[in-house]
Amino acid sequence: MVIARKAQLKPVEVDIKDLCEDTLAILRRTLGARYDIKTSFAPSLHRVMIDPVQLQSALMNLALNARDAMDNGGELLISVSNVQIDDTYIAQETDITEGDYVRISVSDNGIGMDHDAQQRAFEPFFTTKSDHGGTGLGLAKVDGFVRQSGCHITLYSELGLVSSYRLYFPAVLNPTHTSQRILEKKADRTARTGRGETVLVVEDNSKVRKLS
């Protein structure tokens, strides 16, 4: 588990838009009709070095957290854009090094959080949803993965209105696109179809386990 010890991450160069769309295909079937999933992807995005499996798990955790904040349904917005961190921006977003990033924003129009809850949101076992079966591990795992990957996450929330998580991934400004990489990518996609094998999923969060 990422929050308990350093996980064995396997970062590769990825297109975040493709990865988000793959994740959304799962989420749309899982969340149900009461939740309106909207997207906003910039037309041209930098590539990033990240563990795609862990990133997909992080997006699922954030989406499930958003669903739990919208008991009667609502709107989930996932947006992706390139951002450049400069001196002015650093004054607003602390602990972020200057440079080029790809930012994923996951926002909902649920119940929001007060100041105290925002300060403790990423603490392991802290939850505002204990009566709904919340474990307090989902956001802690997201935070652990993001930090171990050398990335950054911020939270903005207004009680009764909105919550928005922003994940910042350093951009790969000189991506390599060799024919070998393209062939490996195609082979990887082919392998995902499988031939009827059984896959064992080990996950301590019951909601993520059910989704998986």
field: When residues of the range 107-127 are limited to those that are more than 25 Å from Gln56 (Cβ to Cβ) and in a loop (DSSP other than H, G, I, E, B), the one most open to solvent (accessible area, probe 1.4 Å)
entry: Ile111
Subset of the range 135-171 [open to solvent by less than 20 Å² (accessible area, probe 1.4 Å) and of a type in the set (S, T, N, Q)]: Ser157, Ser163, Ser164
message: It is to be established whether one or more residues within the range 96-106 are buried (at least 17 other Cβ atoms within 10 Å of the Cβ), of a type in the set (Ser, Thr, Tyr), in contact with a Pro (Cβ under 7 Å, 6 or more places away or on another chain) and more than 17 Å from Ile26 (Cβ to Cβ).
response: yes
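Inside the range 1-93, counting only helices (runs of 4 or more DSSP H) that do not spill past its ends, which hold 2 or more residues that are open to solvent by 60 Å² or more (accessible area, probe 1.4 Å), modelled with pLDDT of 90 or more and of a type in the set (Asp, Glu)? Steps first, answer last, please.
Working: elements: 16-31, 52-68, 87-92.
Correct list: 16-31.
The values are calculated or read from the model by the stated rules, or taken from the named source; none is laboratory data. All values reported here derive from a predicted model rather than from experimental measurement. Every residue, glycine among them, receives a Cβ derived from its backbone with ideal geometry; neighbour counts consider all protein chains shown. To get the accessible areas, we keep the full protein, side chains included, count just its heavy atoms, and leave off ligands, DNA and RNA. Shrake-Rupley method; radii C 1.70, N 1.55, O 1.52, S 1.80 Å.
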